[in-house]
Amino acid sequence: MTSLTDIPREAEVRRLIAVHADMPGGLMPLLHAIQDTCGFVPPDAVPLIAKGMNLSRAEVHGVITYYHHFRSTPPGRHVVHICRAEACRSCGSEALMQHAQAVMGCAEHTTRADGVVTLESAYCLGLCASAPSVQIDDRVHARMTPAKLDKLLKQLEVSP
Ligand code: FES
């Protein structure tokens, strides 16, 4: 489901808008809260957000599309983030990203057709001293290698 037709979801989005409406600079925390709650920012929430935050739809849409963090479609059952910031990049994260794309069968910032997994880039997961880092769902893993990633993906039944 990629819309607000789910009534509990719409009620929650409306509640979050009300919480953030009077907050200076409240749009970013609101979008984070919606994505944390729904897993993505439903496209039909944009008019509600715009109205509630006294912004144009174009402004809201612009922020959502500018930041790669925000998704407009639901994520897969598992979300894999490969850190591509400087420390991880210098320790092989680009090769790790290519490996992940090949093994998972989906490109960066997409969800595999079967809906099992979404692959994203991250820009620092806070484990720079133990780079490269990968986050799978809520857990961050340090000193990642292609072999370790394969093992973790197999445990989650993400590997084809
Ligand atoms: S740069 Fe990757 S964890 Fe900080």
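The values are calculated or read from the model by the stated rules, or taken from the named source; none is laboratory data. All figures in this text were calculated on a predicted structure; none of them were measured in a lab. With ideal geometry, Cβ positions are generated from the backbone for all residues, glycine too; neighbour counts draw on all protein chains shown. Protein only, heavy atoms only, side chains kept; ligands, DNA and RNA dropped before computing areas. Shrake-Rupley method; radii C 1.70, N 1.55, O 1.52, S 1.80 Å.
Values computed for the structure shown
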read-out: Subset of segment 147-160 [open to solvent by less than 60 Å² (accessible area, probe 1.4 Å) and either more than 16 Å from the ligand (Cβ to nearest atom) or touching a residue at least 60 places away in the same chain (Cβ under 8 Å) (or both)]; value: D150, L152, L153, L156, V158, S159
read-out: Check on L16, under 21 Å from T110 (Cβ atoms) and modelled with pLDDT of 95 or more; value: no
read-out: Search result, residues across segment 120-139 that are surrounded by 14 or more Cβ atoms within 10 Å (Cβ to Cβ) and either near the ligand (Cβ under 8 Å from one of its atoms) or farther than 17 Å from H69 by Cα (or both); value: A122, C124, L125, L127, C128, S130, A131, P132, S133
read-out: Selection within segment 83-96 - open to solvent by less than 40 Å² (accessible area, probe 1.4 Å), of a type in the set (A, V, I, L, M, F, W, C) and more than 7 Å from the ligand (Cβ to nearest atom); value: L96
read-out: Matching entry among R84, R89 (being under 18 Å from the mean Cα position of the chain (by Cα) and in the same structural domain as V117 (by TED's automatic domain parsing)); value: R84
read-out: Residue check for R143: within 14 Å of the ligand (Cβ to nearest atom), open to solvent by 40 Å² or more (accessible area, probe 1.4 Å) and free of Cβ contacts under 8 Å to residues at least 60 places away in the same chain; value: yes
read-out: Criterion: of a type in the set (V, I, T), crowded, with 18+ Cβ neighbours inside 10 Å and in contact with an Asp or Glu (Cβ under 8 Å, 6 or more places away or on another chain) - qualifying residue of V41, V13, V60, V80; value: V80
read-out: Which listed residue is open to solvent by 30 Å² or more (accessible area, probe 1.4 Å), modelled with pLDDT of 95 or more and under 14 Å from V158 (Cβ atoms), from H32, H99; value: H99
read-out: Single condition A113 does not satisfy, out of (1) closer than 30 Å to S133 by Cβ; (2) open to solvent by less than 80 Å² (accessible area, probe 1.4 Å); (3) among the hydrophobic types (A, V, I, L, M, F, W, C); value: (2)
